[in-house]
1. For segment 38-75, what are the residues that are in a loop (DSSP other than H, G, I, E, B), of a type in the set (A, V, I, L, M, F, W, C) and within 12 Å of the chain's Cα centre (by Cα)?
2. Out of the residues in segment 26-43 that are out of contact with any strand residue (DSSP E or B) (no Cβ under 9 Å at 6 or more places or on another chain) and open to solvent by less than 60 Å² (accessible area, probe 1.4 Å), state the one that is nearest to G6 (Cα to Cα).
3. Restricting attention to segment 44-61, report how many residues are open to solvent by less than 70 Å² (accessible area, probe 1.4 Å) and either closer than 17 Å to V33 by Cβ or in contact with a Pro (Cβ under 7 Å, 6 or more places away or on another chain) (or both).
4. Pick from segment 8-25 the residues that are exposed (fewer than 10 other Cβ atoms within 10 Å of the Cβ) and closer than 22 Å to K72 by Cα: which of them is modelled with the lowest pLDDT?
Amino acid sequence: MNSRDGDVSYGTGWTEAAMSAVVAIPDVTGDQVPDLWVRDGSDGQIRVYHPSKTSAGSAVKVVLGSDWSGMKSFG
């Protein structure tokens, strides 16, 4: 099923090499948009993102500072 407006890109640079894993988490900011835990492809650290309906935005905090790149999955 497609979104109401079809596939709409609103971020760049989200390649598998740059973001090696992404997990959507419940909305913690109260804006009714799910937030994201992302494993950075360069250092393996897990960062949280609070995207909006129009932008993925930037990481707001490192939530796990260790290198998690050796983990096959998390969530």
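1. A56 - this is the single residue of segment 38-75 that is in a loop (DSSP other than H, G, I, E, B), of a type in the set (A, V, I, L, M, F, W, C) and within 12 Å of the chain's Cα centre (by Cα).
2. Of everything passing the filter in segment 26-43, V33 is nearest to G6 (Cα to Cα).
3. Taking segment 44-61 and keeping what is open to solvent by less than 70 Å² (accessible area, probe 1.4 Å), we get 44-52, 55-57, 59.
Next, only the ones that are either closer than 17 Å to V33 by Cβ or in contact with a Pro (Cβ under 7 Å, 6 or more places away or on another chain) (or both) stay: 47-52, 55-57, 59.
Total meeting the criteria: 10.
4. Only one residue fits best here, namely G13.
The values are calculated or read from the model by the stated rules, or taken from the named source; none is laboratory data. Here the structure is a predicted model, which is why all the values come from computation and not from measurement. We place every Cβ from the backbone using ideal geometry, glycine too, and count neighbours over all the protein chains shown. SASA here: full protein model, heavy atoms, side chains in, ligands and nucleic acids out. Shrake-Rupley method; radii C 1.70, N 1.55, O 1.52, S 1.80 Å.
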